[in-house]
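The values are calculated or read from the model by the stated rules, or taken from the named source; none is laboratory data. This structure is a prediction, so every number in the text was calculated from the model and none was measured. Glycine also receives a Cβ, built like all others from the backbone with ideal geometry; neighbour counts cover every protein chain displayed.
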Amino acid sequence: MIKNNEELNSYLTNQNLNEDLILVLKTISDSCFEISETIRSSGINNLIGKTGEINVQGEKVEKLDEYANNLLIRNLSHSGKVFLMGSEEIESAIIPNPNNIDSEYVVVFDPLDGSSNIDVSVTIGTIFAIYKKINNDQNDLENLLQKGKNAIVAGYTVYGSSTVMCLSSSVDTSLFSFDKNGRALRTHSNIKHGNSNIYSVNESNWNNFTEKDKSWIKKLKSGTEGEYTARYVGSLVSDFHRNLIKGGVFAYPYDSITGEGRLRLIYECNPLSFIAKNTNGDASDGERKILEIKPSNLHQRVGFYVGSKKEMEIRKKS
Ligand code: P6P
């Protein structure tokens, strides 16, 4: 545990979070700092490249994916305060301490989002959300398949030109940077979604967009709704963080031909939608509020629109 993390400690205490939840959040903060330090030296410690494994998503596992995943699982298990975990990298639920029914919290995470950008030094990040368990049965997946609106805290850490952690609850959304000893120091509090005109879409999927989405994007480009600029990093957490600070909307629609979504509901869309809701933003799958969707499985994929209400309203009228 990082020593003298007083600022984070007092921030969390002032949020009236109980000490077990504070310990879980400090464990996540420490883990994100460790991941950040490792990423920055990954080129020289042979952590760039792939493990040769294929994960449950059918994606080639990057060495840093595996490292970040194992670190979070190990540290959260050692905290003794986590009842159950769900990870993008692991097919089924993770029981940190079998029969430890005293622990209250369920943690879901994408250990390293955007990992296709690792070997080109583009911003990547860790995304997480924390829930209260529903029952004392560690084999009951319903503890993981909760609606996003049930989250208590959600957040992310982006590993970019600087390392920034976002922590969000219904009370406050704040940003933290880390000093060289890993202490999280608050830089922004009571964050509200920015209002710049930015849209963030992978337009190479144009032919698979619905007519509604095509007319929406054409409207944003037309200048009739103001002058928009396009930004797309290809790392969800990075695109989300930029829009949270500056404004705008991110969209990864369902494929209109296959009906498939790409982004994962439980550990990508729900945490970011929870943050959007807490910061005057909005999030949907194109029809439904993301936070109201009852997950059917741990790795369910959905269409995803998240960001300023302004662009979401324009889409409704498209
Ligand atoms: P595409 C990264 O692999 C990821 O899951 C998200 O971080 C990102 O938004 C998306 O995929 C990018 O997908 O199809 O644009 O490369």
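What the table shows:
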| item | result |
| --- | --- |
| Enumeration of residues in region 1-31 that are without any contact (Cβ under 8 Å) to a residue 40 or more places away in the chain and in contact with an Asp or Glu (Cβ under 7 Å, 6 or more places away or on another chain) | 1 |
| Residue match in region 32-52 (condition: free of Cβ contacts under 8 Å to residues at least 60 places away in the same chain and under 19 Å from the mean Cα position of the chain (by Cα)) | no |
| Residue tally, condition assigned to a strand (DSSP E or B), within 20 Å of residue 14 (Cβ to Cβ) and not small (Gly, Ala, Ser), over region 160-177 | 6 |
| Qualifying residue in region 285-297 (condition: away from the ligand (no atom under 16 Å from the Cβ) and within 14 Å of the chain's Cα centre (by Cα)) | yes |
| Which listed residue, of 195, 190, 181, 207, is touching a residue at least 12 places away in the same chain (Cβ under 8 Å) and either surrounded by 12 or more Cβ atoms within 10 Å (Cβ to Cβ) or within 16 Å of the ligand (Cβ to nearest atom) (or both) | 195 |
| Filtered residues of region 61-74 (kept if loosely packed, with under 15 Cβ neighbours inside 10 Å and not polar (S, T, N, Q)) | 74 |
| Criterion: touching a strand residue (DSSP E or B) at 6+ places or on another chain (Cβ under 6 Å) and at pLDDT 95 or above - qualifying residue of 282, 255, 239 | 239 |
| Test for residue 294: is it modelled with pLDDT of 95 or more, of a type outside the set (S, T, N, Q) and more than 30 Å from residue 91 (Cα to Cα) | no |
| Residue in region 111-125 that is more than 19 Å from residue 42 (Cβ to Cβ) and either free of Cβ contacts under 8 Å to residues at least 40 places away in the same chain or touching a strand residue (DSSP E or B) at 6+ places or on another chain (Cβ under 8 Å) (or both) present | no |
| Any chance residue 47 is closer than 19 Å to residue 154 by Cα and surrounded by 16 or more Cβ atoms within 10 Å (Cβ to Cβ) | no |
| Residues being more than 16 Å from the ligand (Cβ to nearest atom) and surrounded by 15 or more Cβ atoms within 10 Å (Cβ to Cβ) - total across region 226-239 | 1 |
| Enumeration of residues in region 85-110 that are of a type in the set (D, E, K, R), in contact (Cβ under 8 Å) with a residue 24 or more places away in the chain and more than 16 Å from the ligand (Cβ to nearest atom) | 91, 104 |
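Yes/no matrix, rows are residues, columns are (1) within 14 Å of the ligand (Cβ to nearest atom); (2) aliphatic (A, V, I, L, M); (3) over 23 Å from residue 150 (Cα atoms); (4) not assigned by TED's automatic domain parsing to the domain that holds residue 209:
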| site | (1), (2), (3), (4) |
| --- | --- |
| 245 | no, yes, yes, no |
| 248 | no, no, yes, no |
| 259 | no, no, yes, no |
| 265 | yes, yes, no, no |
| 272 | yes, yes, no, no |
